[in-house]
Amino acid sequence: MTDKDLPALSIADLQSLLRRREVSASEVIDALRKRIQSVDGEIGAYLSLDIDGAMKEAEEANVDLPLGGVPVAIKDIINVMGQPCTCASNILRGYRSPYDATIIQKLRTAGAIPFGKTNLDEFAMGSSTENSAVKLTRNPWDLSRVPGGSSGGSAAAVATDAAFGALGSDTGGSIRQPAALSGVVGFKPTYGRVSRFGLVAFASSLDQIGPLTKTVRDSALILNATAGHDPRDSTSLNEPVPDFAAKLGNDLRGIRLGLPKEYMIEGIDPQVRAAVDDAVKKMNSLGADIVDVSLPHTDYAVAVYYILATAEASANLARFDGVRYGHRAENPKDMLDLYGRTREQGFGPEVKRRIILGTYVLSSGYYDAYYLRAQKVRELIRQDFARAFETVDALISPTSPVPAFKLGERTEDPLQMYLADIFTIAANLAGICGISVPCGFAKVEGHRLPIGLQLLGKPLGEAGILQMAHAYEQSTDWHKARPPIAPAK
Ligand code: GLN
């Protein structure tokens, strides 16, 4: 195994090499560093790296732990002690985290090494990573396209073997959609399954942290290490945590998969539709029964999401006032001037748009018409899923209606950007779990662009959809494909 081959390994394969002492944790960090140096100049997945810190941890790593010696990249919206946490925003430039998020503590307890912070849309608001105030991240399959978002840095790092696995956060699709567009696995656990303590809050009733990985098994391994109740997050679920890898390897006999008829809309790219149709046939041939289901309130999901998410964001982002964190405007006349100019200078256009929208829907006189009504429709959307899960074990759909779009193509039109998440958003509103796994490629302008298959599962049904995704993945070669980026000499 040379330095060159090491970074291509899955977490599971890396872990067995480490355990057999065929490679040391320090050699792994060194190989990863070289890989990042050779590919990330072009891709731009990372915002910061702490090689020295990672090396020190590697020297002391206990490789017999579940993730012993495995480096994991972290979306730069999760606090890692001593590291920057910019949320890709100017308002947090220069800020360093004084503590570890619970999920980082859990990763460390499992022996993993948090390694590098990855790019995102500012405060996770976006679907292309273009809202980052720091830099662009490019899609590794076609450098003129977006990697998806908001966890685009994590997706691109994993896709280019510049990370063995990464954490992302998913408020309306931000793990699953970039996973689909970049050709990796992305997993959003049930709301409350993983502690949000130390995740910078965007929309607290929707946010959830999860893994982006090369294989379904690797997602199960990260979930094993990171799920569970946390007294510091009052919304975290006090439920037993099963072994999420235990059912991997089972086939699909007896499983019922539902095709939501409302998801078969006009705007789906024909190549995406064909790939998903093939995937459904494949799952059927592996033993699953396929049935039609209805989610009647689907049409309202995007509108409801943009009322609730912006309302929550406007409250959560009130803390960035120039007093407590990061950027502070110079020579303020008084307190209001300090708040106003700090926020004017610190936040980008999309974040401002959402704060304004969120403040509006919460303001007296409009609260009942927008916020309250959206809450009611959210409940109807949740009931749609609950009813569907009475007859099926999981729902199946494309993750994104289109493959990766061009850089700049949707930045002038926020509505077009919002529509990138039509298939992912409802899962957050309903609090259920979902996974995206590679299911083919679209051929566009001479490039192969990855397509993702989404499986949605009932609350706490993670082990089931991991099993189904794994059975599908193992019957295909899609997850073995690598983007054609040429490493620098
Ligand atoms: N793209 C959606 C948004 O812009 C979802 C983002 C996310 O899941 N963080 O809000």
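With a cut-off of 9 Å between beta carbons, the residues surrounding Gly258 carry a summed charge of -1, where Lys and Arg count +1 and Asp and Glu -1. The label point for Lys352 and the one for Lys4, both projected 7 Å from the Cα toward the Cβ, are 4.9 nm apart. Each peptide in 62-70, 447-455, 304-312 gets a packing score, the mean of other Cβ atoms within 10 Å over its residues, and the list from highest to lowest is 447-455, 304-312, 62-70. What residues of the stretch 375-410 lie in the reach of a label at Asp292, counting those whose backbone N is under 16 Å from a point 7 Å from the Cα along Cα→Cβ? Those under the cut-off are 396.
Ligands, DNA and RNA aside, Asp368 has an accessible area near 100 Å² when probed at 1.4 Å.
Can you grab the distance from the C-alpha centre of the stretch 53-107 to the C-alpha centre of the stretch 162-217, Å, no decimals? So the separation of the two Cα centres works out to 16 Å. Packing-based ranking of 228-234, 176-182 yields 176-182, 228-234, ordered from highest to lowest mean Cβ neighbour count within 10 Å. Think of the stretch 348-489 as a dipole: +1 on every Lys or Arg Cβ, -1 on every Asp or Glu Cβ, centred on the Cα centre; then among Gln416, Pro349, Gln474, Pro349 lies furthest on the positive end.
Between Glu59 and Glu409, the distance separating the two model label sites (each 7 Å from Cα on the Cα→Cβ line) works out to 4.8 nm. Dipole size of the chain about its Cα centre, with +1 on Lys/Arg Cβ and -1 on Asp/Glu Cβ: approximately 200 debye, rounded to the nearest 20. The calculated FRET efficiency for the pair Arg232 and Arg319, based on their C-beta separation and a Förster distance of 30 Å, comes to about 0.95.
Simple rule: put +1 on each Lys or Arg Cβ and -1 on each Asp or Glu Cβ in the chain, find the dipole, and look at Pro483, Ile29, Ile451; the Cα lying farthest toward the positive end is Ile29. Here the stretch 112-216 is assigned +1 on the Cβ of each Lys and Arg and -1 on the Cβ of each Asp and Glu. Its dipole about the Cα centre then comes out at about 180 debye. Remark: the stretch 191-333 carries a charge dipole of roughly 400 debye about the Cα centre, counting +1 on each Lys and Arg Cβ and -1 on each Asp and Glu Cβ.
If each residue of separation counts as 0.36 nm, what is the full-extension length gain between Gln37 and Ser364 once their alpha-carbon separation is subtracted? That pair, Gln37 and Ser364, stretches by 112.5 nm at full extension.
Diffusion of the stretch 265-341 by Stokes-Einstein, at 25 °C in a medium of 0.890 mPa s and with Rh set to the Kirkwood radius over alpha-carbon pairs, works out to 138 µm²/s.
Taking the DSSP bridge list for the chain and keeping only pairs wholly inside it, about 70 percent are antiparallel. A simple spin-label model places pseudo-atoms 7 Å from Cα toward Cβ; at Asp52 and Asp251 they are separated by 5.6 nm.
Computed as a quarter of the hull surface, the mean projected area of the alpha carbon convex hull for the chain stands at 22.2 nm². FRET efficiency for the pair Lys135 and Arg21, taken as 1/(1 + (r/R0)^6) with r the Cβ-Cβ distance and R0 = 56 Å, rounds to 0.90.
Counting only protein heavy atoms and a 1.4 Å probe, the chain has 38 square angstrom of accessible area per residue. Ordered from highest to lowest accessible area with the whole protein assembly present and a 1.4 Å probe, Glu60, Glu409 read as Glu60, Glu409. In the context of the full protein assembly, Lys480 retains an accessible surface of approximately 130 Å², using a probe radius of 1.4 Å and ignoring ligands and nucleic acids.
The values are calculated or read from the model by the stated rules, or taken from the named source; none is laboratory data. This one's a predicted model, so the numbers in the text were calculated from it and none came from an experiment. Because the Cβ atoms are built from the backbone with ideal geometry, glycine has one as well, and the counts that use them run over all protein chains shown. These area figures cover heavy atoms from the full protein model, side chains too; ligands, DNA and RNA do not enter into them. Shrake-Rupley method; radii C 1.70, N 1.55, O 1.52, S 1.80 Å.
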